[in-house]
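In what follows, a single structure is set out as structure tokens and then discussed.
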Amino acid sequence: MMNLYEADPNIEEAKILCNKLKLMFVFEKMEMPLTENSIIDICTRPENDYLKLGYMDVKEMLWQLLQVKLMYTTVKNESEVRYGLTNEGRNCLMHFYQRVPQSVRDRISVFCKEHRMEFKRSQEYLSEYSKNADGSHTVTLRIVEPEYDTSLIEVKLKAPTRASAIDACKKWIDQAPSVYEYVYETMIDEEDE
């Protein structure tokens, strides 16, 4: 008879496999490569408790899925590493997705549909700030074209306080498209000469 405190290795292996499939299903439904921070954010949000994935679980699964070539990474220039499913990963998911309960697949699908643009913006509309010698802060705001890892626009501003620098970074997520559109339309003449 098994001790109540001993885990059945077969059950544990099945849970690990199911968790990997859930993670792969998230990638499939997000329909884009994701940064590690985005993946961890998705998997550890309180409203995604049905995923039952913690920070260390996600890190370990990413590494394991990379090792068996079910996922790939891309690094271009100074950008963060992005993870995505390989063709082998999609094929594997196609054969085994039914091991993830339908209710969990449905919830993942709904979450990804509702939050896809939020994660796309967080990966493409980048902002950071640094302190200057005079106590002010330099805020760097960028829109990155992820496929080519090039900046479509980069703006540097001098903010008088840390709080104003943080506020500018928060505003950038929502304001980036309209700022880009305004600058582009004002500065670039598309008429043929």
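The values are calculated or read from the model by the stated rules, or taken from the named source; none is laboratory data. Quantities reported herein were computed from a predicted structural model and do not represent experimental measurements. Note that we place each Cβ from the backbone using ideal geometry, even for glycine, and neighbour counts take in every protein chain shown. Side chains included, ligands, DNA and RNA excluded: accessible areas come from the protein's heavy atoms. Shrake-Rupley method; radii C 1.70, N 1.55, O 1.52, S 1.80 Å.
Annotations for the structure displayed:
- Electrostatic dipole magnitude of the chain [Cβ: Lys, Arg +1; Asp, Glu -1; Cα centre; debye, to 20]: 920 debye
- Efficiency of FRET between residue 174 and residue 114 - r from beta-carbon atoms, R0 30 angstrom, step 0.05: 0.95
- The chain: relative contact order in percent, alpha carbon pairs under 8 Å with at least 6 residues between: 16 percent
- Considering only 142, 45, 105, the mean-square fluctuation computed in a Gaussian network model of the chain, springs between alpha carbons under 10 angstrom, is largest for 45.
- Ranked from largest, the principal axis spans of the Cα set of segment 148-189 equal 36, 24, 18 Å.
- For the pair residue 162 and residue 16 in one chain, pulling the backbone fully straight at 0.36 nm per residue adds 48.3 nm over the alpha carbon distance.
- Linear extension gain, residue 130 paired with residue 75, 0.36 nm per residue minus alpha-carbon span: 17.4 nm
- Helical runs assigned H by DSSP (4 residues or longer) give the chain a calculated mean residue ellipticity at 222 nm of -18000 deg cm²/dmol, each run adding -39500 (n - 2.57) before division by the residue total.
- Gaussian network model of the chain, springs between alpha carbon atoms under 10 Å - residue of 50, 182, 129 with greatest fluctuation: 182
- Based on Cα atoms of the chain, Rg over Rh with Rh as the Kirkwood radius reads 1.09.
- Result for the chain in a Gaussian network model with C-alpha springs under 10 Å: among 41, 106, 134, the largest mean-square fluctuation is at 134.
- Two-site label geometry, residue 31 and residue 182: point separation in nm, points 7 Å out along Cα→Cβ: 3.1 nm
- Of all lysines in the structure, those lying under 23 Å Cα to Cα from residue 156, and not within fewer than 8 positions of it along the same chain, are 76, 120, 131, 170, 171.
- Taking the protein heavy atoms of segment 6-130 in the context of the full set of protein chains, the accessible area attributed to carbon and sulfur is 51 percent at 1.4 Å.
- Residue by residue, segment 118-129 carries 3J(HN,Hα) couplings of 4, 6, 4, 4, 5, 8, 9, 9, 9, 8, 7, 9 Hz when phi is fed to the Karplus relation 6.51 cos²θ - 1.76 cosθ + 1.60 (θ = phi - 60°); x denotes Gly or Pro.
- Summing charges over neighbours of residue 170, with a neighbour being any other residue whose Cβ is under 14 Å away from its Cβ, gives -1 when K and R count +1 and D and E count -1.
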